[in-house]
Amino acid sequence: MTDFKTIQFNVSNQVATLTLDNPSKRNALDPAMRVEVSAVVMRIRRDPSIRALILTGANGHFCAGGDLKNIATVGLDNQGWRHRLQDLHAWLQELLTLDRPVIAAVDGAAAGAGFSLALAADFVLATPRARFCMSFLKVGLVPDCGAFYTLPRIVGVQRAKELMLSARDVEGPEALHLGLVMELHEPDALMARAQALAASFVHASPMAVSLIKRTFAGWGGDVSTSLENEANAQALAMGTQEHKTAVNRFLNKEPLPFQWPVNK
């Protein structure tokens, strides 16, 4: 196990859990954390035995966003900042296009880039006390960490503009209403639900999961392209052993391997 300084990472029963853990900075994405998260994302991509990823934060926070102290003192010019964001985008794109389900479990603050990072997940679970904020405009910046791609796809363009331009807090219940969050759970039940969702994908077809995520990546294109992508994906899925096994189990009236866990 790699000795990390700003995160925790473990794999159990084919489920990876990445926990942001830098209490002095409320889990802010400082340079050290970005390097460590990048290493973990690339490790997951190279390990097909990992079937799902849980992304969460320790110490009562998800992620406070960027490290403003570092930003204020690093002394980069415009080109330097552009290169720094491009470095971030390199691993962020690997996370956004990961061919395994990503589940964000959010408690406490998800501000700025922390909010954006949560939106990179396929499913966001949160507690009622979770707080989401596109806080960039408060410090004269524009949203980053993929927010211009993810946020409008989730809440629509008008609401995305409102959240970015108001830089207001969105608490757990409103986040659920807006579709930013899929489910709300009390703090002591949050990780158990995230783990149950992640564990269910251990029994899903890896090919089908990958194809669903890949086909969604082209969402918003023209009808013809969408239908063509769908046909290509289904043709590949039809040839998998997982499909054949599931059909045989269905015809024999046996339980199917993949079951979405009941929300208790």
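Key figures for this structure:
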{"read-out": "Checking Trp260 against (1) modelled with pLDDT under 95; (2) crowded, with 17+ Cβ neighbours inside 10 Å, the condition it does not meet", "value": "(2)"}
{"read-out": "Qualifying residue in segment 43-54 (condition: of a type outside the set (A, V, I, L, M) and either closer than 20 Å to Pro187 by Cβ or surrounded by 19 or more Cβ atoms within 10 Å (Cβ to Cβ) (or both))", "value": "yes"}
{"read-out": "Among residues of segment 71-111, those that are assigned to a loop (DSSP other than H, G, I, E, B), free of Cβ contacts under 8 Å to residues at least 12 places away in the same chain and either β-branched (Val, Ile, Thr) or out of contact with any helix residue (DSSP H, G or I) (no Cβ under 7 Å at 6 or more places or on another chain) (or both), counted", "value": "3"}
{"read-out": "Tally of residues being more than 26 Å from the chain's Cα centre (by Cα), in a helix (DSSP H, G or I) and under 18 Å from Lys213 (Cα atoms) across segment 228-253", "value": "5"}
{"read-out": "One residue from Ala208, Ala192, Ala147 being closer than 20 Å to Asp99 by Cβ and either in contact with a helix residue (DSSP H, G or I) (Cβ under 7 Å, 6 or more places away or on another chain) or at pLDDT 95 or above (or both)", "value": "Ala208"}
{"read-out": "Checklist (1) surrounded by 15 or more Cβ atoms within 10 Å (Cβ to Cβ); (2) part of a helix (DSSP H, G or I); (3) in the same structural domain as Leu55 (by TED's automatic domain parsing) applied to Leu211, failing item", "value": "(3)"}
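The values are calculated or read from the model by the stated rules, or taken from the named source; none is laboratory data. Computed from a predicted structure; not experimentally measured. As a convention, Cβ positions derive from the backbone with ideal geometry for all residues, glycine included, and neighbour counts pool all protein chains shown.
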